[in-house]
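What follows draws every value from the coordinates through simple rules; no lab data is involved. Since this is a predicted model, take the numbers as computed values, not measurements. Note that we place each Cβ from the backbone using ideal geometry, even for glycine, and neighbour counts take in every protein chain shown.
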Amino acid sequence: MSEALQVVVVGGGAAGLVAAGFAARRGYRVTVVERNERPARKVMITGKGRCNVTNDSSPTDCVSQVPGNGRFLYSAFSAFSPQDTIALFTELGVPLKTERGKRVFPVSDKAVDIVDALVRFARSGGVKFVTGRVARLLLEDGVCCGVELESGRQISAYGVIVCTGGCSYPGTGSTGDGYDLARQAGHTVIPPRPSLVPLVIKESFCGDLQGLSLRNCTLTAVDSVTGKTVFQELGEMLFTHFGVSGPLVLSASAHMRDMAPERYRLSIDLKPALTPEQVDARLVRELEVKPNACLGNALAAVLPRSLIATVLRLAAVAGETKCHSVSRADRTRIGAVLKALPLTVEEFRPIAEAIVTAGGVSTRELNSKTMASRLVSGLSFAGEVIDVDAYTGGFNLQIAFSTGAAAGNHI
């Protein structure tokens, strides 16, 4: 071996930098191997560039936001909680603020401030950075004793922490390398799948509405197999050429754990503040204002113009109908669409477009307190490479911080 370094962290993202920083604080000499010239590139794009750092919730509340394997994270969330995350960034000179839903952001609204702080945290402990890609683990008699880079360089280590992320946003360096490393060590890898991802919709009118953004609408998702409502929330969403996207849709996608064509059905309440009776009263008022106008023109006071034709088509009412000729039955059908515009989910968009990857290294083969492998001594995992994923709101970054801290503090 060409070098003798005590701890190697594979991947310089959120989990990797935290793991490296805490390992260095414990007195280890640490090297981070990162394939990008600049670390934490994925953190740069989180929260639309603002970086939703964490959610100011209790460990129990955090667990409730992890749909799969949440209980596995309880020890990590308890040992390094959202409040510990807030304290760490405050210590690193990044003031934070709490917004709706307990979401925590930097006061500057700049993700780069979080990235710089994470790098500062690592470097302050003497962590060294090596640019390169780890091709394989060095394993001897059930012990991980280092890594070999694609270049052939070998780095020996007392402990190796794999923090390579998932498969989402491969342009940031998350290309699934960690899964291959885990398999080399004999670990089970749960097949990766997208989470927090746009949805492909069967109905063709989504393409006609491409670019239309809806605010203050309520999106409901129903599992047609079980008949259960799996998601319902007020917020924003966007129509695209393939279907729908935006905050509401990304959140809803995380609740669709068993995706199959047409299994999940969406409905959009375009007027969530109004009851069906109030919607009808509103329609009556608008029709009475211009009784001789065409219905399609009159609805411009109620809906975005680009949405009118779609709503009328779904309600089976002609847009050329004069307002004075609109029947009560017509109004009822229009009102029903306004309160529940239907969409049928065909599939997730590709995993490369997902914010988070579900699946990964099986939690059954990891120590929940230390993130250490139960199969190979000297090997740990942290962050998105593990089979854990959460809903939106800062919880996924908190998973990275908590598991990274657990791995770094328990080498």
Of the candidates Asp141, Asp269, Asp177, which one comes out as most mobile in a Gaussian network treatment of the chain with C-alpha springs shorter than 10 Å? Asp141
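What list do you get for Phe231, Phe80, Phe381, Phe401 if you sort them by fewest beta carbons within 10 Å? Walk me through the numbers on the way to the answer.
On the way: Phe231 20, Phe80 23, Phe381 31, Phe401 28.
Exposure proxy ranking, most exposed first: Phe231, Phe80, Phe401, Phe381.
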Report the residue, chosen from Val112, Val53, Val18, that carries the largest GNM mean-square fluctuation when the chain is represented by alpha-carbon nodes joined by springs under 10 Å. Val112
Residues with amide H under 5 Å of Val244's amide H, sequence separation 5 or more or different chain, H placed in the peptide plane at 1.01 Å from N; which? Leu199, Ile201
Can you flag which of Lys202/Lys228; Lys42/Lys102; Lys48/Lys339; Lys228/Lys339; Lys42/Lys128; Lys42/Lys110 are past 24 Å Cα-Cα? Lys48/Lys339
Residue-wise HN-Hα coupling along segment 95-112, computed from phi with Karplus coefficients 6.51, -1.76, 1.60 (Hz; x: Gly, Pro): x, 10, 9, 10, 10, 3, x, 6, 6, 10, 10, x, 4, 6, 6, 10, 4, 4
Ranking of Thr98, Thr164, Thr46 by count of other Cβ atoms within 10 Å, fewest first: Thr98, Thr46, Thr164
Would you be so kind as to identify which of Thr220, Gly152, Phe381 lies farthest towards the positive end of the dipole of the chain, taking Lys and Arg as +1 and Asp and Glu as -1 on Cβ and the Cα centre as origin? Thr220
Using Cα pairs under 8 angstrom and six or more residues apart, how large is the relative contact order of the chain, in percent? 24 percent
Quick query: amide H of Gly68 versus all other amide H atoms, modeled in the peptide plane; which residues come in under 5 Å with a sequence gap of 5 or more or a different chain? Asp389
Using +1 at the Cβ of each Lys and Arg and -1 at the Cβ of each Asp and Glu in the chain, identify which of His187, Met259, Ala340 lies farthest towards the dipole's positive end. Ala340
Karplus-derived HN-Hα couplings along segment 241-250 (A = 6.51, B = -1.76, C = 1.60, θ = phi - 60°), whole Hz, x at Gly and Pro: 5, 9, x, 9, 8, x, x, 4, 5, 4
Would you work out the relative contact order for segment 331-395, in percent, from Cα pairs under 8 angstrom that are 6 or more residues apart? 28 percent
The chain, Gaussian network, Cα under 10 Å: of Pro95, Pro192, Pro106, the residue fluctuating most is Pro95
About the Cα centre of the chain, how large is the charge dipole given +1 on each Lys and Arg Cβ and -1 on each Asp and Glu Cβ? Please answer in debye to the nearest 20. 540 debye
Could you work out the helix-only [θ] at 222 nm for the chain, with each DSSP H run of four or more residues adding -39,500 (n - 2.57) and the total divided by the number of residues, to the nearest 500 deg cm²/dmol? -8500 deg cm²/dmol
Quick check: residue separation of Thr90 and Ala293 times 0.36 nm, minus the Cα distance between them. What number comes out in nm? 67.1 nm
Once amide H atoms are placed 1.01 Å from N in the peptide plane, what residues at a sequence separation of 5 or more from Gly360, or on another chain, have their amide H within under 5 Å of its amide H? Ile190
If you place +1 on the Cβ of every Lys and Arg and -1 on the Cβ of every Asp and Glu, how big does the dipole about the Cα centre of segment 198-348 come out, in debye to the nearest 20? 380 debye
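How do Val115, Val200 rank when sorted from fewest to most other Cβ atoms within 10 Å of their own Cβ?
Values: Val115 22, Val200 18.
Final ranking by Cβ density, sparse to dense: Val200, Val115.
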